[in-house]
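Student: Let me give you the structure first, and then I'll get to my questions.
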Amino acid sequence: MQDCPPHERRAFGLSLPSPTHPELRLLKGRDAPREQGHKAWNAGWLLMDFLQHHRPATGARVLDIGCGWGLCGIFCARTFAARVTSTDIDPRVFPFVDLHAQFNGVCVDAKPLAFDQIDCALLGAQDLIVGADICFRHTMISPVLKLIDRALTCGVQQLLIADPGRPAFLSLGRHCVEHLNAVLSPWETAEPLVAWSGQRPSIRGYILRFGSWPPADSKHS
């Protein structure tokens with residue numbers, strides 16, 4: 001973690017308001033998200049680390065599904081000049097997306113959509129779909145799998161889902177490996193936010209990926 005102004009943190013080239021930042025505290029107190037979009041989840045850091053080592057094309061069209069605070073899409077916009085659309089079932093997350101986008105000097109297009117509302121017109125316009133921590137219950141396997149099937153049918157060339165390794169996600173991953181030619185790989189990266197006094201602990205999880213990817217330049221490949 002780099003030195004940064006008070007009430008700010010940095011991770012993976014992103015600037016983030018700290019939990020004590022006045023604007024973030026105001027949002028949390030006024031209109032907190034109803035679902036899971038109340039924090040930055042560790043699977044997002046796994047996904048960002050993977051993309052640092054398997055870089056998408058500059059200016060790619062990226063869809064961030066179940067975006068929460070939108071950090072994965074914002075990372076793509078800032079790092080790869082991606083044209084990003086962020087979707088989530090909970091419209092209350094989008095003020096948080098806007099705040100983090102403003103912190104990083106980028107713009108993303110936000111759409112309040114559940115997985116089953118993301119149609120082929122939107123999917124087919126993308127080069128890359130990303131999602132982090134989007135299959136955390138077994139009841140979510142079916143809607144996520146249907147979305148993956150739709151995306152592949154509509155011509156999406158690359159799709160990534162990151163997760164810490166919850167049972168529901170691993171069930172989804174095994175199905176996709178067996179039936180959809182996906183690759184499920186363990187992945188880890190150093191915890192990026194806390195100013196640890198010694199060696200940084202690792203965040204561990206899995207990346208489920210579809211499509212071809214450029215070779216990695218690290219030991220993860």
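The values are calculated or read from the model by the stated rules, or taken from the named source; none is laboratory data. Owing to the predicted nature of the structure, the values given are computational and were not obtained by experimental measurement. With ideal geometry, Cβ positions are generated from the backbone for all residues, glycine too; neighbour counts draw on all protein chains shown. SASA here: full protein model, heavy atoms, side chains in, ligands and nucleic acids out. Shrake-Rupley method; radii C 1.70, N 1.55, O 1.52, S 1.80 Å.
Student: At a probe size of 1.4 Å, how large is the accessible area of K28, to the nearest 10 Å²?
Tutor: Result for K28: roughly 90 Å² accessible.
Student: Per 10 Å bin, what is the whole-percent P(r) computed from every C-alpha pair distance within region 133-189?
Tutor: Pair shares across the bins are 22, 59, 19, 0.
Student: Also, I was wondering about something else. If you roll a 1.4 angstrom probe over the protein chains with everything in place, what fraction of the accessible area of the chain belongs to carbon and sulfur, to the nearest %?
Tutor: 50 percent
Student: Angle, helix 42-53 long axis vs. longest principal axis of the chain, Cα atoms, 0 to 90°, nearest 10?
Tutor: 70 degrees
Student: Still on this structure: Taking only Cα atoms, what is the 0 to 90° angle, nearest 10, from helix 141-153's long axis to the longest principal axis of the chain?
Tutor: Once rounded, one gets 70 degrees.
Student: Could you check which residue among G105, G68, G165 shows the biggest mean-square fluctuation in a GNM of the chain with a 10 Å Cα cutoff?
Tutor: Among G105, G68, G165, the largest mean-square fluctuation in the Gaussian network model of the chain belongs to G105.
Student: Given 20 °C and 1.002 mPa s, compute D for the chain with the Stokes-Einstein relation, Rh being the Kirkwood radius over Cα pairs; round to the nearest whole µm²/s.
Tutor: Rounded, D is 122 µm²/s.
Student: Now, a different point. When the chain is treated as a GNM, springs tying every alpha-carbon pair under 10 Å, which of D49, D119, D64 comes out with the largest mean-square fluctuation?
Tutor: Looking only at D49, D119, D64, the biggest GNM fluctuation is shown by D119.
Student: Give me the accessible area of H7, 1.4 Å probe, in Å² rounded to the nearest 10.
Tutor: 80 Å²
Student: Given a 1.4 angstrom probe, what's the average accessible area per residue across the chain, in square angstrom?
Tutor: About 47 Å² of surface per residue is accessible.
Student: To the nearest 10 degrees, how steep is helix 71-80 against the longest Cα principal axis of the chain, on a 0 to 90 scale?
Tutor: The helix 71-80 is inclined about 90 degrees to the chain.
Student: Using C-alpha positions alone, give me the convex hull volume of region 109-209 per residue in cubic angstrom.
Tutor: With only Cα atoms used, region 109-209 gives 122 Å³ per residue.
Student: Go from 0 up to the bin containing the longest alpha carbon distance in region 95-160, width 5 Å each, and give me the % of pairs per bin.
Tutor: 3, 15, 22, 22, 19, 13, 6, 0
Student: For region 49-99 and region 140-159, compute the distance between their C-alpha centroids and round to whole Å.
Tutor: 17 Å
Student: Hey, another quick one. Chymotrypsin sites (Phe, Trp or Tyr not before Pro), restricted to region 120-221: which are DSSP loop and have at most 16 other Cβ atoms within 10 Å?
Tutor: Counting only loop positions with at most 16 other Cβ atoms within 10 Å, the chymotrypsin sites (Phe, Trp or Tyr not before Pro) in region 120-221 are W196.
Student: From largest accessible area down, sort M48, M140; use a 1.4 Å probe on the protein chains.
Tutor: Of M48, M140, the descending order of accessible area is M140, M48.
Student: Quick check on the chain: helices-only [θ] at 222 nm, where DSSP H runs of length 4 and up contribute -39,500 (n - 2.57) each and the sum goes over total residues. Nearest 500, please.
Tutor: -9500 deg cm²/dmol
Student: State the answer as a single residue: which of L180, I148, I203 lies farthest towards the positive end of the charge dipole of region 80-208, with beta carbon charges of +1 for Lys and Arg and -1 for Asp and Glu, about the Cα centre.
Tutor: I203
Student: Once phi is turned into ³J(HN,Hα) by the Karplus curve 6.51 cos²θ - 1.76 cosθ + 1.60 with θ = phi - 60°, what whole-Hz value does each residue of region 91-107 show in order, with x for glycine and proline?
Tutor: Using θ = phi - 60°, the values come out as x, 6, 6, 5, x, 6, 4, 4, 4, 5, 5, 4, 4, 10, x, 10, 10 Hz.
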